[in-house]
Every structure is written in structure tokens, then in C-alpha cells.
1. Write out, first by first residue and then by second, each pair whose Cβ atoms fall under 9 Å of each other, whose residues are 6+ apart or on separate chains, and whose first residue, in the stretch 21-36, is outside the structural domain of residue 68 (by TED's automatic domain parsing) while the second is of a type in the set (Ser, Thr, Tyr) and modelled with pLDDT of 95 or more.
2. I'm trying to understand the selection: among the residues of the stretch 1-23, which are among the polar types (S, T, N, Q) and surrounded by 10 or more Cβ atoms within 10 Å (Cβ to Cβ)?
3. Out of all the residues in the stretch 34-51, which are under 16 Å from residue 68 (Cβ atoms) and surrounded by 11 or more Cβ atoms within 10 Å (Cβ to Cβ)?
4. From 81, 27, 33, grab the single residue that is of a type in the set (Phe, Trp, Tyr) and in contact with a helix residue (DSSP H, G or I) (Cβ under 7 Å, 6 or more places away or on another chain).
5. Does residue 68 satisfy being among the aromatic types (Phe, Trp, Tyr) and surrounded by 13 or more Cβ atoms within 10 Å (Cβ to Cβ)?
6. So the check is Cβ under 7 Å with 6+ separation or different chains; which pairs have a first residue in the stretch 37-61 that's modelled with pLDDT under 80 and a second one that's assigned to a helix (DSSP H, G or I)?
7. Of all residues in the stretch 68-88, which are part of a helix (DSSP H, G or I), of a type outside the set (A, V, I, L, M) and under 13 Å from residue 42 (Cβ atoms)?
Amino acid sequence: MVRPALRSRSPRRVAKRTPSGKSKVFYEKRGSYVANCSVCGKPLGGVPKDLKEVRRGSKSRKRPARPYAGTICPTCLALAYKIAIRSA
């Protein structure tokens, strides 16, 4: 039986082949991620990369306080505003 800490689905399970030729399951800590802009794909600033910080922090710590923060970068947002204003 594995350690109780490894029984949850939080650690990532990776099947690796050992030098003896057997396949064994190894448990890895899940990596951090970078939030990207949904329009251009550029990494977003002001959004924490650490998963613990994302879980713990308040909403104002997780993303900037502006419209579409955490999903669209400021450059794309300015462009979207220009298009919306000019079409109206």
C-alpha cells in the first residue's frame, strides 16, 4: 500500500520504466502554470504563478482589478475598447 499522502489525486502519477525493466508509478508534485491572454497568448502580468498563492489569496490578490483581468492582457483590452467605441 502506498503512503497515505500519495493516495489522494493531488500528486501527479507518472509511469516510468526502471533500470531493471519494470514499469513503476512515480508520484510528482504538480507544476505551476502561467496564465495566458485568451486573444494573443502572451503571459499575463499581475496573476500569480504559484498554485498555493492562487488557492489561498483573496480575489484582489489573484488578479488585477480591471475588466477582463486574468483573461485578456491590457494591450488586447485596449484594442477591444477601440473597436467597440468606433463601431458604436
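The values are calculated or read from the model by the stated rules, or taken from the named source; none is laboratory data. Everything numeric here is computed off the predicted structure, so don't read it as measured data. Backbone-built Cβ (ideal geometry, glycine too); neighbour counts: all protein chains shown.
1. From the stretch 21-36, the pairs are 24/18.
2. Correct list: 10 only.
3. Taking the stretch 34-51 as the starting set, the residues that turn out to be under 16 Å from residue 68 (Cβ atoms) are 35-47.
Selection gives 35, 36, 37, 38, 39, 40, 42, 43, 44, 46, 47.
4. Going through 81, 27, 33 in turn, the sole match is 27.
5. Yes.
6. Between residues of the stretch 37-61 that are modelled with pLDDT under 80 and residues that are assigned to a helix (DSSP H, G or I), the close pairs are 54/62.
7. Taking the stretch 68-88 as the starting set, the residues that turn out to be part of a helix (DSSP H, G or I) are 74-87.
If we keep only those that are of a type outside the set (A, V, I, L, M) as well, we get 74-76, 81-82, 86-87.
Selection gives 74, 75, 76.
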